[in-house]
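The values are calculated or read from the model by the stated rules, or taken from the named source; none is laboratory data. Keep in mind that what you see is a predicted model, and the values were worked out from it rather than measured. All Cβ positions, glycine included, derive from the backbone under ideal geometry; neighbour counts span all protein chains shown. Quick note on the areas: whole protein, heavy atoms, side chains included, nothing else; ligands and nucleic acids left out. Shrake-Rupley method; radii C 1.70, N 1.55, O 1.52, S 1.80 Å.
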Amino acid sequence: MDCGTMALMRTNDARSLPPVAQEALRRRVVHAVREGMGQTEAARVFDVARGTVNRWCRVREAHGHHALRSMKRGRPFGSRLAPLQAARTVRAILGNCPDQLRLPFALWTREAVQMLLQREFGLEVSVWTVGRYLSGWGLTPQKPRRRAFEQNSAEVQRWLKEEYPAIAREAKRLGAEIYWGDEMGLRSDHQTGRTYGRRGQTPVVPGTGQRFRCNMISAITNRGKLLFMVFTHGLRAGVFLKFLKRLLRQVRRRVFLIVDRHPVHRAASVKAWLARHSHRIRLYFLPSYSPELNPDEVLNQDVKSNALGRRRPVDPFDLIADVRGYLRSTQRTPGVVCSYFNERHVRYAAA
(Lines give C-alpha, C1' and ligand atoms only; values in the text may rest on other atoms or scores of the structure.)
Protein backbone atom coordinates (compact mmCIF):
# COMPACT_ATOMS: atom_id res chain seq x y z
CA MET A 1 0.00 0.00 0.00
CA ASP A 2 1.55 3.31 -1.07
CA CYS A 3 1.59 6.58 0.87
CA GLY A 4 -1.15 8.10 -1.28
CA THR A 5 -3.59 5.31 -0.43
CA MET A 6 -2.76 5.60 3.27
CA ALA A 7 -3.38 9.34 3.14
CA LEU A 8 -6.83 8.74 1.60
CA MET A 9 -7.68 6.23 4.35
CA ARG A 10 -6.89 8.70 7.14
CA THR A 11 -9.81 10.66 8.52
CA ASN A 12 -9.54 14.28 9.58
CA ASP A 13 -9.38 14.97 13.31
CA ALA A 14 -12.24 17.33 14.19
CA ARG A 15 -10.32 18.43 17.28
CA SER A 16 -8.03 20.45 15.01
CA LEU A 17 -10.96 22.65 13.96
CA PRO A 18 -11.74 25.93 15.71
CA PRO A 19 -14.59 25.83 18.27
CA VAL A 20 -17.11 27.53 15.97
CA ALA A 21 -16.43 25.02 13.18
CA GLN A 22 -16.70 22.11 15.62
CA GLU A 23 -20.10 23.27 16.82
CA ALA A 24 -21.32 23.72 13.25
CA LEU A 25 -20.10 20.22 12.34
CA ARG A 26 -21.89 18.66 15.32
CA ARG A 27 -25.16 20.37 14.42
CA ARG A 28 -24.94 19.34 10.74
CA VAL A 29 -24.20 15.70 11.61
CA VAL A 30 -27.01 15.45 14.17
CA HIS A 31 -29.44 17.22 11.83
CA ALA A 32 -28.61 14.77 9.02
CA VAL A 33 -29.18 11.78 11.29
CA ARG A 34 -32.48 13.18 12.56
CA GLU A 35 -33.55 13.68 8.92
CA GLY A 36 -33.09 9.96 8.24
CA MET A 37 -29.41 9.46 7.34
CA GLY A 38 -27.83 6.46 9.00
CA GLN A 39 -25.06 7.06 11.52
CA THR A 40 -22.57 5.00 9.49
CA GLU A 41 -23.39 6.99 6.38
CA ALA A 42 -23.14 10.29 8.30
CA ALA A 43 -19.71 9.26 9.60
CA ARG A 44 -18.54 8.61 6.04
CA VAL A 45 -20.04 11.75 4.57
CA PHE A 46 -18.81 14.15 7.25
CA ASP A 47 -15.50 12.32 7.73
CA VAL A 48 -15.83 11.68 11.50
CA ALA A 49 -15.69 8.50 13.56
CA ARG A 50 -18.82 6.34 13.86
CA GLY A 51 -18.63 6.41 17.67
CA THR A 52 -18.42 10.20 17.65
CA VAL A 53 -21.64 10.45 15.61
CA ASN A 54 -23.39 8.15 18.04
CA ARG A 55 -22.18 10.14 21.06
CA TRP A 56 -23.36 13.46 19.57
CA CYS A 57 -26.79 12.02 18.84
CA ARG A 58 -27.16 10.64 22.37
CA VAL A 59 -26.12 13.99 23.89
CA ARG A 60 -28.69 15.77 21.68
CA GLU A 61 -31.45 13.41 22.74
CA ALA A 62 -30.58 13.64 26.45
CA HIS A 63 -29.89 17.36 26.85
CA GLY A 64 -31.24 19.12 23.77
CA HIS A 65 -29.55 21.07 21.02
CA HIS A 66 -27.87 23.41 23.55
CA ALA A 67 -25.60 20.53 24.58
CA LEU A 68 -23.94 20.69 21.14
CA ARG A 69 -22.42 24.11 21.86
CA SER A 70 -18.66 24.41 22.03
CA MET A 71 -17.25 24.78 25.54
CA LYS A 72 -14.24 26.84 26.51
CA ARG A 73 -11.04 24.85 26.13
CA GLY A 74 -8.14 24.49 28.52
CA ARG A 75 -7.81 24.39 32.27
CA PRO A 76 -10.80 25.88 34.14
CA PHE A 77 -10.10 29.41 35.34
CA GLY A 78 -9.96 30.03 39.08
CA SER A 79 -10.00 27.69 42.05
CA ARG A 80 -12.48 25.01 42.97
CA LEU A 81 -12.04 26.10 46.57
CA ALA A 82 -14.36 28.76 47.92
CA PRO A 83 -12.59 31.79 49.42
CA LEU A 84 -13.57 30.79 52.95
CA GLN A 85 -12.30 27.26 52.37
CA ALA A 86 -8.99 28.60 51.06
CA ALA A 87 -8.61 30.90 54.07
CA ARG A 88 -9.39 28.04 56.43
CA THR A 89 -6.77 25.86 54.71
CA VAL A 90 -4.10 28.55 54.94
CA ARG A 91 -4.81 29.04 58.66
CA ALA A 92 -4.51 25.28 59.21
CA ILE A 93 -1.14 25.17 57.40
CA LEU A 94 0.35 28.21 59.16
CA GLY A 95 -1.03 27.39 62.60
CA ASN A 96 -0.42 23.64 62.84
CA CYS A 97 1.83 20.80 61.83
CA PRO A 98 0.16 17.99 59.87
CA ASP A 99 0.42 15.51 62.74
CA GLN A 100 -1.43 17.96 64.99
CA LEU A 101 -4.35 17.65 62.58
CA ARG A 102 -4.04 13.85 62.65
CA LEU A 103 -2.53 13.62 59.20
CA PRO A 104 0.23 11.01 58.60
CA PHE A 105 2.89 13.63 57.86
CA ALA A 106 5.46 15.49 59.97
CA LEU A 107 5.87 18.42 57.57
CA TRP A 108 3.53 20.12 55.13
CA THR A 109 3.88 18.70 51.63
CA ARG A 110 1.61 18.83 48.60
CA GLU A 111 0.40 15.35 49.46
CA ALA A 112 -0.43 16.44 53.02
CA VAL A 113 -2.43 19.44 51.76
CA GLN A 114 -4.10 17.20 49.19
CA MET A 115 -5.25 14.87 51.97
CA LEU A 116 -6.40 17.82 54.09
CA LEU A 117 -8.57 19.18 51.25
CA GLN A 118 -10.10 15.77 50.63
CA ARG A 119 -10.88 15.21 54.31
CA GLU A 120 -12.18 18.68 55.16
CA PHE A 121 -14.03 19.63 51.97
CA GLY A 122 -14.40 16.40 49.99
CA LEU A 123 -12.32 17.97 47.22
CA GLU A 124 -10.10 15.63 45.21
CA VAL A 125 -7.36 17.45 43.32
CA SER A 126 -3.97 16.46 41.96
CA VAL A 127 -0.71 17.35 43.69
CA TRP A 128 0.04 19.73 40.79
CA THR A 129 -3.19 21.59 41.49
CA VAL A 130 -2.27 21.71 45.17
CA GLY A 131 1.08 23.20 44.17
CA ARG A 132 -0.69 25.95 42.22
CA TYR A 133 -2.96 26.63 45.21
CA LEU A 134 0.03 26.94 47.54
CA SER A 135 1.83 29.27 45.14
CA GLY A 136 -1.27 31.42 44.80
CA TRP A 137 -1.56 31.66 48.59
CA GLY A 138 2.04 32.87 48.86
CA LEU A 139 3.28 29.67 50.55
CA THR A 140 6.68 28.30 49.55
CA PRO A 141 8.66 25.22 50.73
CA GLN A 142 11.16 26.27 53.39
CA LYS A 143 13.49 24.62 55.86
CA PRO A 144 11.75 25.03 59.23
CA ARG A 145 13.37 26.10 62.47
CA ARG A 146 13.14 23.60 65.29
CA ARG A 147 11.39 24.74 68.44
CA ALA A 148 10.95 22.60 71.54
CA PHE A 149 7.33 21.96 72.45
CA GLU A 150 8.37 22.26 76.12
CA GLN A 151 8.96 25.98 75.55
CA ASN A 152 6.61 28.24 77.51
CA SER A 153 5.47 30.97 75.11
CA ALA A 154 4.13 33.13 77.94
CA GLU A 155 7.52 32.99 79.66
CA VAL A 156 9.23 33.96 76.40
CA GLN A 157 6.96 36.96 75.92
CA ARG A 158 7.53 38.02 79.52
CA TRP A 159 11.28 37.85 78.95
CA LEU A 160 11.09 39.95 75.79
CA LYS A 161 8.68 42.57 77.13
CA GLU A 162 9.61 42.78 80.83
CA GLU A 163 12.73 40.96 81.97
CA TYR A 164 15.24 41.93 79.28
CA PRO A 165 14.13 45.60 79.16
CA ALA A 166 14.60 45.68 82.95
CA ILE A 167 18.10 44.20 82.57
CA ALA A 168 18.95 46.78 79.90
CA ARG A 169 17.74 49.65 82.12
CA GLU A 170 19.72 48.37 85.09
CA ALA A 171 22.84 47.96 82.93
CA LYS A 172 22.50 51.53 81.71
CA ARG A 173 22.03 52.83 85.25
CA LEU A 174 25.13 51.02 86.55
CA GLY A 175 27.26 51.47 83.43
CA ALA A 176 27.41 47.71 82.90
CA GLU A 177 27.94 45.85 79.63
CA ILE A 178 25.52 43.08 78.57
CA TYR A 179 27.07 39.84 77.29
CA TRP A 180 25.36 36.78 75.83
CA GLY A 181 27.11 33.49 76.59
CA ASP A 182 26.85 29.95 75.30
CA GLU A 183 28.86 26.75 74.81
CA MET A 184 29.05 24.21 72.02
CA GLY A 185 31.00 21.16 70.90
CA LEU A 186 32.72 20.71 67.53
CA ARG A 187 33.54 17.38 65.86
CA SER A 188 35.97 16.65 63.07
CA ASP A 189 33.33 14.77 61.01
CA HIS A 190 30.91 17.68 60.86
CA GLN A 191 30.04 18.33 57.20
CA THR A 192 28.29 21.36 55.73
CA GLY A 193 28.32 23.43 52.58
CA ARG A 194 28.32 22.35 48.93
CA THR A 195 30.84 21.86 46.16
CA TYR A 196 30.51 21.56 42.40
CA GLY A 197 30.45 18.28 40.51
CA ARG A 198 28.91 16.65 37.46
CA ARG A 199 25.15 16.20 37.51
CA GLY A 200 24.22 12.84 39.02
CA GLN A 201 27.73 12.21 40.40
CA THR A 202 28.14 13.09 44.07
CA PRO A 203 31.56 14.67 44.69
CA VAL A 204 33.88 12.99 47.19
CA VAL A 205 35.92 15.08 49.62
CA PRO A 206 38.87 13.22 51.20
CA GLY A 207 39.37 13.62 54.91
CA THR A 208 40.61 11.80 57.97
CA GLY A 209 38.58 8.88 59.27
CA GLN A 210 39.57 9.70 62.86
CA ARG A 211 37.08 11.42 65.12
CA PHE A 212 38.20 14.13 67.50
CA ARG A 213 36.56 17.14 68.99
CA CYS A 214 36.95 20.32 70.95
CA ASN A 215 34.57 22.62 72.80
CA MET A 216 34.07 26.34 72.77
CA ILE A 217 32.56 28.84 75.18
CA SER A 218 31.94 32.39 73.99
CA ALA A 219 30.30 35.66 74.96
CA ILE A 220 29.22 38.48 72.65
CA THR A 221 27.74 41.94 73.20
CA ASN A 222 25.02 43.74 71.29
CA ARG A 223 27.68 46.04 69.84
CA GLY A 224 29.79 43.26 68.37
CA LYS A 225 32.47 42.55 70.97
CA LEU A 226 33.45 38.88 71.11
CA LEU A 227 35.34 36.90 73.76
CA PHE A 228 35.90 33.13 73.59
CA MET A 229 37.75 30.18 75.06
CA VAL A 230 38.47 26.85 73.33
CA PHE A 231 39.04 23.72 75.44
CA THR A 232 39.21 19.98 74.91
CA HIS A 233 37.77 18.47 78.09
CA GLY A 234 34.12 18.39 79.09
CA LEU A 235 32.14 21.38 80.31
CA ARG A 236 32.24 21.49 84.09
CA ALA A 237 31.72 24.19 86.68
CA GLY A 238 35.48 24.70 86.91
CA VAL A 239 35.71 25.40 83.16
CA PHE A 240 32.85 27.88 83.33
CA LEU A 241 34.46 29.64 86.30
CA LYS A 242 37.75 29.83 84.41
CA PHE A 243 35.96 31.58 81.57
CA LEU A 244 34.22 34.00 83.96
CA LYS A 245 37.56 34.94 85.51
CA ARG A 246 39.04 35.58 82.07
CA LEU A 247 35.97 37.62 81.18
CA LEU A 248 36.48 39.90 84.17
CA ARG A 249 40.16 40.34 83.30
CA GLN A 250 39.27 41.39 79.76
CA VAL A 251 36.32 43.67 80.59
CA ARG A 252 36.84 46.61 82.91
CA ARG A 253 33.17 47.54 83.17
CA ARG A 254 30.62 45.66 85.22
CA VAL A 255 29.33 42.60 83.32
CA PHE A 256 25.75 41.39 82.95
CA LEU A 257 26.04 37.87 81.46
CA ILE A 258 22.93 36.21 79.98
CA VAL A 259 23.08 32.42 79.54
CA ASP A 260 20.75 29.45 79.28
CA ARG A 261 19.74 27.22 82.18
CA HIS A 262 22.48 24.62 81.75
CA PRO A 263 23.21 22.84 85.08
CA VAL A 264 26.80 24.14 85.03
CA HIS A 265 25.53 27.72 85.04
CA ARG A 266 23.51 27.00 88.18
CA ALA A 267 26.12 24.95 90.02
CA ALA A 268 26.71 25.69 93.71
CA SER A 269 30.36 26.63 93.18
CA VAL A 270 29.35 29.09 90.44
CA LYS A 271 26.72 30.68 92.67
CA ALA A 272 29.25 31.05 95.50
CA TRP A 273 31.81 32.67 93.20
CA LEU A 274 29.20 35.05 91.76
CA ALA A 275 28.17 36.07 95.27
CA ARG A 276 31.78 37.02 96.07
CA HIS A 277 32.08 39.04 92.84
CA SER A 278 28.60 40.55 92.71
CA HIS A 279 30.14 44.02 92.41
CA ARG A 280 31.67 43.00 89.05
CA ILE A 281 29.35 40.48 87.45
CA ARG A 282 25.72 39.32 87.45
CA LEU A 283 24.29 36.22 85.82
CA TYR A 284 20.84 36.18 84.17
CA PHE A 285 19.01 33.19 82.70
CA LEU A 286 17.03 32.88 79.49
CA PRO A 287 13.65 31.09 79.45
CA SER A 288 13.90 27.32 79.20
CA TYR A 289 14.14 25.72 75.74
CA SER A 290 14.58 29.09 74.01
CA PRO A 291 17.89 29.07 72.09
CA GLU A 292 16.42 31.45 69.48
CA LEU A 293 16.56 34.22 72.10
CA ASN A 294 20.34 33.96 72.39
CA PRO A 295 22.29 35.69 69.58
CA ASP A 296 25.36 33.69 70.58
CA GLU A 297 23.66 30.64 69.05
CA VAL A 298 24.09 32.24 65.63
CA LEU A 299 27.81 32.60 66.30
CA ASN A 300 27.88 28.87 67.07
CA GLN A 301 26.26 28.07 63.74
CA ASP A 302 28.61 30.41 61.93
CA VAL A 303 31.65 28.73 63.46
CA LYS A 304 30.35 25.24 62.65
CA SER A 305 29.67 26.22 59.04
CA ASN A 306 32.82 28.20 58.25
CA ALA A 307 35.51 27.22 60.74
CA LEU A 308 34.73 23.50 60.74
CA GLY A 309 32.29 22.27 58.10
CA ARG A 310 34.15 23.80 55.14
CA ARG A 311 37.64 22.83 56.27
CA ARG A 312 39.40 19.51 56.75
CA PRO A 313 41.30 19.28 60.04
CA VAL A 314 43.65 16.31 60.18
CA ASP A 315 44.18 16.20 63.96
CA PRO A 316 42.86 17.84 67.16
CA PHE A 317 45.50 20.57 67.01
CA ASP A 318 44.48 21.49 63.47
CA LEU A 319 40.83 21.61 64.54
CA ILE A 320 41.57 23.94 67.46
CA ALA A 321 43.74 26.15 65.25
CA ASP A 322 40.95 26.46 62.66
CA VAL A 323 38.39 27.42 65.30
CA ARG A 324 40.65 29.92 67.02
CA GLY A 325 41.74 31.47 63.74
CA TYR A 326 38.18 31.97 62.57
CA LEU A 327 37.06 33.44 65.88
CA ARG A 328 40.00 35.85 65.96
CA SER A 329 39.13 37.05 62.45
CA THR A 330 35.54 37.53 63.63
CA GLN A 331 36.78 39.58 66.58
CA ARG A 332 38.34 42.03 64.13
CA THR A 333 34.98 42.57 62.36
CA PRO A 334 32.41 43.60 65.02
CA GLY A 335 29.83 44.27 62.30
CA VAL A 336 29.65 40.53 61.62
CA VAL A 337 28.80 39.84 65.25
CA CYS A 338 26.17 42.60 65.23
CA SER A 339 24.51 40.92 62.24
CA TYR A 340 23.77 37.86 64.39
CA PHE A 341 21.02 39.85 66.09
CA ASN A 342 19.33 40.64 62.78
CA GLU A 343 19.55 37.02 61.59
CA ARG A 344 17.43 35.84 64.52
CA HIS A 345 15.07 38.84 64.33
CA VAL A 346 15.33 39.33 68.08
CA ARG A 347 14.49 42.97 68.76
CA TYR A 348 16.92 43.56 71.57
CA ALA A 349 17.97 47.14 72.12
CA ALA A 350 21.68 47.85 72.02
CA ALA A 351 22.85 48.17 75.58
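Suppose all protein chains stay in the model; what accessible area per residue would a 1.4 Å probe give for the range 57-123, in Å²? Numbers along the way, then the final one.
Values: 4990 Å² over 67 residues.
Ligands and nucleic acids excluded, the result is 74 Å² per residue.
Provide the per residue accessible area, probe 1.4 Å, for the range 126-170, rounded to a whole number of square angstrom. All intermediate terms of the calculation are to be shown ahead of the outcome.
On the way: 3470 Å² over 45 residues.
Using a 1.4 Å probe on heavy atoms only, each residue of the range 126-170 averages 77 Å².
Enumerate the amide H contacts of Asp182 below 5 Å, restricted to partners 5 or more residues apart or on another chain; note that Pro and chain-start residues carry no placed amide H.
Ser218
Of Thr40, Pro263, Thr140, which is farthest along the charge dipole of the chain in the positive direction, counting Lys and Arg as +1 and Asp and Glu as -1 at C-beta?
The Cα lying farthest towards the positive end belongs to Pro263.
Report the GluC sites (Glu not before Pro) located in the range 100-181 that are in a DSSP loop and have at most 11 other Cβ atoms inside 10 Å of their Cβ, or state none.
Values: sites: Glu111, Glu120, Glu124, Glu150, Glu155, Glu162, Glu163, Glu170, Glu177; in loops: Glu124, Glu150.
Those satisfying the criteria are Glu124, Glu150.
Please report the relative contact order for the chain, taking Cα pairs under 8 Å with a sequence separation of at least 6, and give it as a percent rounded to a whole number. Provide the component values of the computation, followed by the final result.
Details: 361 pairs, mean separation 52.0, N = 351.
Relative CO of the chain lands at 15 percent.
Dividing the convex hull volume of the Cα atoms of the range 165-305 by its residue count, what figure in Å³ per residue is obtained? Don't skip to the answer; put the middle values down first.
Values: hull volume 20.7 nm³, N = 141.
So the per-residue hull volume is 147 Å³.
For the chain, just the Cα atoms, rotate onto the principal axes and tell me the three extents in Å, largest first.
Here the spans come out as 112, 50, 34 Å, largest first.
Along each of its three principal axes, how wide is the spread of alpha-carbon positions in the range 88-152, in whole angstrom units, largest first?
Taking max minus min along each principal axis of the Cα atoms, the range 88-152 gives 38, 22, 18 Å.
Treat the range 94-202 as a sphere of radius equal to its Kirkwood radius over Cα pairs and apply Stokes-Einstein at 20 °C in a medium of 1.002 mPa s; give the translational diffusion coefficient in µm²/s, rounded to a whole number.
Numbers: Rh = 19.5 Å.
In µm²/s, the coefficient is 110.
Roughly how compact is the range 181-223, stated as its Cα Rg over 2.2 N^0.38 Å to two decimals? Display every interim value, and only then the final one.
Numbers: Rg = 16.2 Å, N = 43, 2.2 N^0.38 = 9.2 Å.
Working it through for the range 181-223, the quotient is 1.76.
May I ask you to give the solvent-accessible area per residue for the range 171-318, in square angstrom, as obtained with a 1.4 angstrom probe? Spell out each step's value before the answer.
Details: 8340 Å² over 148 residues.
For the range 171-318, the per-residue accessible area is 56 Å².
Divide the volume of the convex hull of the Cα atoms of the range 197-258 by its number of residues and quote the answer in cubic angstrom per residue.
Values: hull volume 11.1 nm³, N = 62.
In the range 197-258, the Cα convex hull volume per residue is 178 Å³.
Per the 1.4 Å probe, what fraction of the accessible area of the range 272-329, in percent, lies on carbon and sulfur atoms? The partial results should precede the final answer.
Working: 1390 of 2730 Å².
Carbon and sulfur: 51 percent of the exposed surface of the range 272-329.
Roll a 1.4 angstrom probe over the protein heavy atoms and tell me the percent of accessible area of the range 52-202 that is carbon or sulfur.
Values: 5690 of 11210 Å².
The C+S portion of the solvent-accessible surface of the range 52-202 is 51 percent.
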